[in-house]
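First up is the structure itself, then whatever we jot down about it.
Just so it is clear, none of the values below were taken in a lab; they were calculated from the coordinates. Given the structure is predicted, the values throughout are model-derived calculations rather than measurements. Glycine gets a Cβ as well: all are built from the backbone with ideal geometry, and neighbour counts include every protein chain shown.
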Amino acid sequence: MKQKLLFLFFLASLNFYGQTVEILGKVTGVSDVENIHVINKTGQAYTVTDAHGEFKLPVRLHDTIVFTSIRYKLQEIVVSNETVLNKAVLVKLNEQVNQLDTVIVGKILTGDLLSDIKNTKGDRPLNFFDVGIPGYTGKIATINERQLSEASSFNPGLGSSGYGLGASIGFTPIINAISGRTKMLKRRVKIEQKDGLMHSIKSRLGKDFFASNPLDEDKQMDFFYFCSDDTNFIKYCKNQSDFKVLVFLRMKYKQYLENLKP
């Protein structure tokens, strides 16, 4: 009986040899197994795996199938009698690990933000004159700054003749000073400057600062408002190096934590 089964298996093998069959395959791996390239190198057939790592491919006995992907190492299998008889194959791929040589660009960072900033130098940005184009490189005034300038500037007015003979000094700045408008505009400009400086510091240094000085996310904005309320905020943070700004923030951080204590 056993010899008869072996003989039938042998006949089946001869029958499958040279005959093309479509097999159902499945690929497994440590991560995504979609779009793995499956190539029948012998039979010149090609397909890709679906989202489940499954594929269909026409093969013949002893064909070589290649599995290739950026995520996995290249792997080859040879179609066996078992694969042809079952019309199915399961392939496990090994992850591709790419190791890069160590590349050092510029200065080596120590991880100490204050020390790294102190030891880092930057080049001056280009302006219009560097490339031979005339232009204004100063700061563009905000609406409040322009209103304050207009409210406090003495602009000579022309007389009835139109030649300046009857020039007189405008009374608008005096009226603005008496009414309190100039004072109000100055207060607006100061608040605007503090608010802009605070948001600039938060955007530039916030992430790195809170990495070494942890604070709940819902309190981080409140912390920066706390810093901007300090009477010396403009003095210590405007037109100062990041190193000096961080020193100020650390000082305010200690005070803020003290205020949080019950």
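Set the Förster radius R0 to 45 Å, insert the Cβ-Cβ distance between SER200 and VAL30 as r into 1/(1 + (r/R0)^6), and round the FRET efficiency to 0.05.
For R0 = 45 Å, the calculated efficiency reads 0.55.
What is the sum of charges around VAL21, taking Lys and Arg as +1, Asp and Glu as -1, for the other residues whose C-beta is under 13 Å from the C-beta of VAL21?
0
Run the numbers for LYS261 and ASN232: contour at 0.36 nm per residue of separation, minus the present Cα-Cα distance, in nm.
On the way: separation 29, 0.36 × 29 = 10.44 nm, distance 2.38 nm.
Gain on extension, LYS261 to ASN232, equals 8.1 nm.
Within the set of other residues whose C-beta is less than 12 Å from the C-beta of SER200, count the net charge using Lys and Arg as +1 and Asp and Glu as -1.
Combined, the nearby Lys, Arg, Asp and Glu give +2.
Give, as a single signed number, the net charge of other residues whose beta carbon lies under 11 Å from the beta carbon of THR49, with Lys and Arg counted +1 and Asp and Glu -1.
It works out to a net charge of -2.
Averaging over every viewing direction, what projected area does the convex hull of the Cα atoms of the range 194-258 cover, in nm²?
Working: hull surface 15.8 nm².
Mean orientational projected area (the range 194-258, Cα hull): 4.0 nm².
At 7 Å along Cα-to-Cβ for each site, give me the label-to-label distance between LEU74 and ASP216 in nm.
The modelled label-to-label distance comes out at 5.6 nm.
For the range 35-89, what's the relative contact order in percent, using C-alpha pairs closer than 8 Å and at least 6 residues apart? Could the numbers behind the result be given before it?
Numbers: 90 pairs, mean separation 16.9, N = 55.
It comes to 31 percent, rounded to a whole number.
How far, in nm, would the chain grow between ASP208 and LYS41 when pulled straight, counting 0.36 nm per residue and subtracting the alpha carbon separation?
Taking ASP208 through LYS41 to full extension adds about 54.9 nm, to one decimal.
Please list, in chain and number order, the residues 5+ apart from LEU57 or on another chain whose amide H is under 5 Å from its amide H, with Hs placed from the backbone.
ILE23, GLY25
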